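Notes for the one structure printed next.
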Amino acid sequence: MQLSLSSPFALATLRYSQAAILIILVLVCSFLLLLLFLQWHRPRDKRLPPGSMGWPYVGETLKLYTENPNSFFSIRQKRFGDIFKTHILGCPCVMISSPEAARTVLVTRAHLFKPTYPTSKEKMIGPEALFFHQGSYHSRLKKLVQASLLPSAIRGSVSQIEQIVLELLPTWKSNTINTLQEMKRYAFDVAMISAFGSKQDLEMEGIKHLYRCLEKGYNSMPLDFPGTPFHKAMKARKLLDEKLRKLIQKRRRSGRHEGGLLGILLGAKDHVKLNQLSESQIADNIIGVIFAAQDTTASVLTWILKYLHDNQDLLEAVTREQEGIRSKIAEANRGLTWEDTRRMPLSSRVIQETLRTASILSFTFREAVQDVEFEGYLIPKGWKVLPLFRSIHHCADFFPQPEKFDPSRFEVRARMINSLASVHLATYQKHTYAHVCRLPVMLLSH
């Protein structure tokens, strides 16, 4: 039996459908208008930074993805100045590209700008990792992590790092390699030593395997369904957490904390309450630090090799420096030592210039925890604030001919004393310098 559109029932159904569609459209429009109101409405006496927010909701994200990111930021900096607003990745943002402004956000008024990351990253690394916190807990963990990277802590690992390189080099012979992937292999093994100490046994091999499974899904779409890379990574994260907790319990029962970051975290106590860190706090921070160290270090190493390849005179000079150290090592019939790495002035400047030119960390995310008055502008609570490190490192006021790879610019430190770029490079070096130095030594000496 069919109903004609002229029947009362069919007409009523049609009107109901039209009314439902109209209601949905009204609700959607109202929601978008509310978003726009909340996003852009501010008291008239408070001025937002200049810039463009692009299209509603989408903002300027499409432009960011279709343009060269460096051009995207530099064009807006030239047009609007060192502080400007935009809307990318679903968030209203304020970009800052002067050393003074970056210092304010990251150092002098850091309590007003909390670190922020996508929820999926927090789940994968762990909510107790220092990256997701502020205040006393963050300060305490930061000091402990830095303690594991001090020269006194790294000094004893030089021979192990040298051995990693010596085992890696023969695998490249007569082969075409993916440089970045090989550098990641190297950086990962070094990070494991820094995290867990010198003991590398079957227990560590299991942790390595789960860590690699976790890494494969780190930059995937956060779709937690069976079969997706994210789902597989989260399963690996759960197993990794269990293995780390067992290792933590084992070392605590034995009373031997051993070396690496794990040993430092196990021995840490709150000076006021004398509380130890919990197993979840230790596990999350171990996972987080390895994540932070591996990709950045591997990228730096890859760029070092590229810049040396592109600058043959510089490559020859660095080779002579390394050959001089190698001959002394051979004469003494010994391995590489920490003191040897301190006698590489040209190699050190190459590393510094690589950190500046490549700017592995182009920017970082912070979020205003309240409405903030900043250099005459208002940064509303909840807005993201992005210090643009690459813009600072490529500013001609601090680094003449910024696009030129010129390690000699670091011969005179006074040139960069007043630049936040030097602060950022020094901080970055603290995490990577001791490890990065080793591979060029062995690559050029063998």
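What single numbered condition from (1) surrounded by 20 or more Cβ atoms within 10 Å (Cβ to Cβ); (2) over 21 Å from Gln181 (Cβ atoms) fails to hold for Ala293?
Evaluating Ala293 over (1) surrounded by 20 or more Cβ atoms within 10 Å (Cβ to Cβ); (2) over 21 Å from Gln181 (Cβ atoms) leaves (2) as the failure.
What tally of residues in the stretch 56-82 results from selecting those that are in contact with a Leu (Cβ under 8 Å, 6 or more places away or on another chain), assigned to a loop (DSSP other than H, G, I, E, B) and either at negative phi or among the polar types (S, T, N, Q) (or both)?
Residues that pass the stated criteria total 1.
Got at least one residue in the stretch 289-305 being part of a helix (DSSP H, G or I), touching a Lys or Arg at 6+ places or on another chain (Cβ under 7 Å) and farther than 18 Å from Val145 by Cα?
yes
Scan the stretch 242-258 for residues that are outside any helix (DSSP H, G or I) and either touching a residue at least 40 places away in the same chain (Cβ under 8 Å) or touching a Phe, Trp or Tyr at 6+ places or on another chain (Cβ under 6 Å) (or both) and jot them down. Don't jump to the end; show me each part of the working.
Narrowing the stretch 242-258 to residues outside any helix (DSSP H, G or I): 255-258.
Of everything in the stretch 242-258, just one residue is outside any helix (DSSP H, G or I) and either touching a residue at least 40 places away in the same chain (Cβ under 8 Å) or touching a Phe, Trp or Tyr at 6+ places or on another chain (Cβ under 6 Å) (or both), namely Glu258.
Give all pairs with beta carbons closer than 9 Å in which a residue from the stretch 111-130 that is surrounded by fewer than 17 Cβ atoms within 10 Å (Cβ to Cβ) and of a type in the set (S, T, N, Q) meets a residue that is outside any strand (DSSP E or B) and at pLDDT below 85; count only pairs at least 6 apart in sequence or on separate chains.
Note: pairs meeting the criteria are Thr119/Pro222.
Can you find, within the stretch 67-95, the residue that is farthest from His393 (Cα to Cα) among those that are surrounded by 20 or more Cβ atoms within 10 Å (Cβ to Cβ) and among the basic types (Lys, Arg)?
Filtering the stretch 67-95 for residues that are surrounded by 20 or more Cβ atoms within 10 Å (Cβ to Cβ) and among the basic types (Lys, Arg), the one farthest from His393 (Cα to Cα) comes out as Lys85.
Please return the ranges of strands (runs of 3 or more DSSP E) entirely within the stretch 313-418 where 1 or more residues are buried (at least 21 other Cβ atoms within 10 Å of the Cβ), small (Gly, Ala, Ser) and in contact with a strand residue (DSSP E or B) (Cβ under 8 Å, 6 or more places away or on another chain).
Working: elements: 366-368, 372-374, 377-379, 384-387.
Counting at least 1 such residues, we get 366-368.
Scanning the stretch 131-180 for residues that are assigned to a helix (DSSP H, G or I), without any contact (Cβ under 8 Å) to a residue 24 or more places away in the chain and basic (Lys, Arg), which turns out nearest to Trp338 (Cα to Cα)?
Lys143
Would you confirm, using the coordinates I've provided, whether Glu203 is under 20 Å from Leu262 (Cα atoms), open to solvent by less than 80 Å² (accessible area, probe 1.4 Å) and in contact with a Leu (Cβ under 7 Å, 6 or more places away or on another chain)? Even if it seems obvious, please write down each step before you answer.
On the way: under 20 Å from Leu262 (Cα atoms): yes; open to solvent by less than 80 Å² (accessible area, probe 1.4 Å): yes; in contact with a Leu (Cβ under 7 Å, 6 or more places away or on another chain): yes.
Criteria met by Glu203.
Please specify each residue of the stretch 41-55 satisfying the condition of being at pLDDT 70 or above, of a type outside the set (Phe, Trp, Tyr) and either out of contact with any helix residue (DSSP H, G or I) (no Cβ under 6 Å at 6 or more places or on another chain) or assigned to a helix (DSSP H, G or I) (or both). If you could, list the steps in order and put the result at the bottom.
Of the residues in the stretch 41-55, the ones at pLDDT 70 or above are 47-55.
From what's left, of a type outside the set (Phe, Trp, Tyr): 47-54.
Arg47, Leu48, Pro49, Ser52, Met53, Gly54 - these are the residues of the stretch 41-55 that are at pLDDT 70 or above, of a type outside the set (Phe, Trp, Tyr) and either out of contact with any helix residue (DSSP H, G or I) (no Cβ under 6 Å at 6 or more places or on another chain) or assigned to a helix (DSSP H, G or I) (or both).
Suppose the filter is part of a helix (DSSP H, G or I) and at pLDDT 90 or above; does Met183 pass it? Spell out how you get there, then give the answer.
Details: part of a helix (DSSP H, G or I): yes; at pLDDT 90 or above: yes.
Answer is yes for this residue.
Suppose we filter the stretch 109-148 for residues that are touching a strand residue (DSSP E or B) at 6+ places or on another chain (Cβ under 6 Å) and either hydroxyl-bearing (Ser, Thr, Tyr) or closer than 14 Å to Tyr218 by Cβ (or both); how many remain? Before the answer, list the steps.
Of the residues in the stretch 109-148, the ones touching a strand residue (DSSP E or B) at 6+ places or on another chain (Cβ under 6 Å) are 112-114, 116, 131, 134.
Checking which are either hydroxyl-bearing (Ser, Thr, Tyr) or closer than 14 Å to Tyr218 by Cβ (or both) leaves us with 116, 131.
The number of residues fulfilling the criteria is 2.
So, in the stretch 77-91, of the ones that are within 24 Å of the chain's Cα centre (by Cα) and modelled with pLDDT of 85 or more, which residue ends up nearest to Pro118 (Cα to Cα)?
Filtering first and then ranking leaves His87.
Which pairs turn up if I take residues in the stretch 307-329 that are farther than 13 Å from Arg343 by Cβ and look for partners that are aromatic (Phe, Trp, Tyr) and not in a helix (DSSP H, G or I) with beta carbon separation below 7 Å, at least 6 apart in sequence or on another chain?
What qualifies is Tyr307/Phe405; Asn311/Phe405.
Taking the conditions exactly as written (over 30 Å from Tyr186 (Cα atoms), within 22 Å of the chain's Cα centre (by Cα) and either among the basic types (Lys, Arg) or modelled with pLDDT of 90 or more (or both)), does Lys114 satisfy them or not? Before you say what the answer is, go through the steps one by one.
Details: over 30 Å from Tyr186 (Cα atoms): yes; within 22 Å of the chain's Cα centre (by Cα): yes; either among the basic types (Lys, Arg) or modelled with pLDDT of 90 or more (or both): yes.
Spelling it out, Lys114 is indeed over 30 Å from Tyr186 (Cα atoms), within 22 Å of the chain's Cα centre (by Cα) and either among the basic types (Lys, Arg) or modelled with pLDDT of 90 or more (or both).
Would the stretch 96-106 turn up any residue that is closer than 27 Å to Ala293 by Cβ, open to solvent by 70 Å² or more (accessible area, probe 1.4 Å) and touching a residue at least 40 places away in the same chain (Cβ under 8 Å)?
Checked against the condition, which is being closer than 27 Å to Ala293 by Cβ, open to solvent by 70 Å² or more (accessible area, probe 1.4 Å) and touching a residue at least 40 places away in the same chain (Cβ under 8 Å), the stretch 96-106 yields at least one hit.
The values are calculated or read from the model by the stated rules, or taken from the named source; none is laboratory data. Just so you know, these numbers come straight off a predicted model, no measurement behind them. Virtual Cβ from ideal backbone geometry, glycine too; neighbours counted across all protein chains shown. Side chains included, ligands, DNA and RNA excluded: accessible areas come from the protein's heavy atoms. Shrake-Rupley method; radii C 1.70, N 1.55, O 1.52, S 1.80 Å.
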